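See below for the structure under consideration.
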Amino acid sequence: MASKEVIAVVVILVAAGAGGLGFAAGYEYKTTNACAGGPANTTLGVWGAGTLDTLFPLLAGQLQNQTPCITGTTQVYEGSLDITTAITALGLKTDVAAVADYRLIPSLLEPTYAGYEVVFGGTPEVLVYNASLPAFAGVNESNWAEKLITDVTTSGNKPMAVWNASTDPNGYNEIFSLELQGMLHNGSTSAYYGQLYGGPPGTPAVPNSGRTIIEHESQAATLLHTGVVSAFITYRSYAIVNHLPYVSFVPIVGLQSNNTTALADYAPLSTTIFGGSPGTFKTVVPAPILFAITVPSNAPNPTLGFDFIHLLLSPQGSAIISSGGAFNPIFPAWSDHPSAVPAGLASDVTALPSWATALLT
């Protein structure tokens, strides 16, 4: 989908970011002539993982402001597996779909419902907590799990919120963070996991109703503010955009690392979720948390979907998603099929690293 007449051109000089994530000086952001020959009134469809519900509306608003034919947006932010199911099983249509686990688009949407994915950034797991509770006094990256267990076992304290692992990747990622913390600090994956979930590691995790409560992630901030829960594990991006107190994990426990040591620590772990069909189950293994996006094959306005991704990868988009340290943007972005992305994105993407490709299987 090559760029034709340019509606807007913005050239911003930016320095390359730390760790190889950043932008080359002179990056040129262009929108296609998406309005040419199309309807005067067009709705942009944006579906994304729940934690994107603050950042992606900012991107959608910016694209709408500079694209005259976009007169409105339809935005849905839910669990990533809910998003893929809506496309595949319900036949619903959107211009872009973004998920919180880069493995979902290749495994659930490709090749029928999408031809490629673009991995645009990562954000680790953290512990969000009620800072007024004595149980969390002195909490840090080493003792957070002990503090969490003390909190939920203290009479009168509210439980920890957990998410449905069968619809939301954060649900299984929080399980892995608990198991990794136990493995690295106590020599047992069950040390903390076993106090919050029933069922051995690797089997379907059953939240302990006395210490946990299953909730919807989109309500997490409200649940904490209103005292319904006292803590939860979530993405750093969610904690930052909602101005919540949080403590970081060591990179391996936060599912942020992709070095040899981290991948070796992830390899023996797994959990089980529903497979999508009645009575079926699926094994999920840990991977570094990477968010990905695609334009579905049945998108009503694929050119607008392309423009949204192009804006997301631009310096402007990077500034939005990285504000406050929410996301670590990746540029050039990673794609499982670089040759399949629209021509206008060719210079914005490169192939997935070999370690990430290996985890797709």
Simple spin-label estimate for residue 261 and residue 190 in nanometres, 7 Å along Cα-Cβ: 2.8 nm
Extension gain from residue 354 to residue 155, taking 0.36 nm per residue of separation minus the Cα-Cα distance: 66.8 nm
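Which whole-number percent is the relative contact order of the chain (Cα, under 8 Å, 6+ apart)?
25 percent
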Positive-end residue, the chain charge dipole about Cα centroid, Cβ charges, pick of 237, 133, 51: 133
Theoretical ellipticity at 222 nm over the chain - DSSP helices of four or more residues, -39500 (n - 2.57) apiece, nearest 500: -7500 deg cm²/dmol
Between the stretch 237-253 and the stretch 314-361, the Cα center-to-center distance that results, in Å: 22 Å
Size of electric dipole in the chain: Cβ of Lys, Arg +1 and of Asp, Glu -1, about Cα centre, debye, nearest 20: 100 debye
Average Cα contact separation per residue, the stretch 304-356, under 8 Å, 6 or more apart, as relative contact order %: 30 percent
Neighbourhood charge, 10 Å Cβ-Cβ cut-off, centred on residue 191 and excluding it, Lys, Arg +1 and Asp, Glu -1: -2
Extension gain from residue 280 to residue 219, taking 0.36 nm per residue of separation minus the Cα-Cα distance: 19.1 nm
Chymotrypsin sites (Phe, Trp or Tyr not before Pro) within the stretch 69-120, DSSP loop, no more than 16 other Cβ atoms inside 10 Å: none
Value of relative contact order over the stretch 125-284, rounded to a whole percent, pairs C-alpha under 8 Å and six or more apart: 34 percent
For peptides 122-128, 214-220, 45-51, sequence by mean Cβ density within 10 Å, most packed first: 45-51, 122-128, 214-220
Derived scalar couplings ³J(HN,Hα) [the stretch 218-225; Karplus, 6.51 cos²θ - 1.76 cosθ + 1.60; whole Hz; x for Gly, Pro]: 5, 9, 4, 4, 5, 4, 6, 5
Distance between modelled label sites at residue 71 and residue 316, nm, 7 Å Cα→Cβ extension: 2.3 nm
Charge context of residue 78, other residues only, Cβ under 11 angstrom, K/R +1, D/E -1: -4
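Here, each number is a calculation from the coordinates, and none is a lab measurement. Worth saying up front: this structure is predicted, and the values here are computed from it rather than measured. Because the Cβ atoms are built from the backbone with ideal geometry, glycine has one as well, and the counts that use them run over all protein chains shown.
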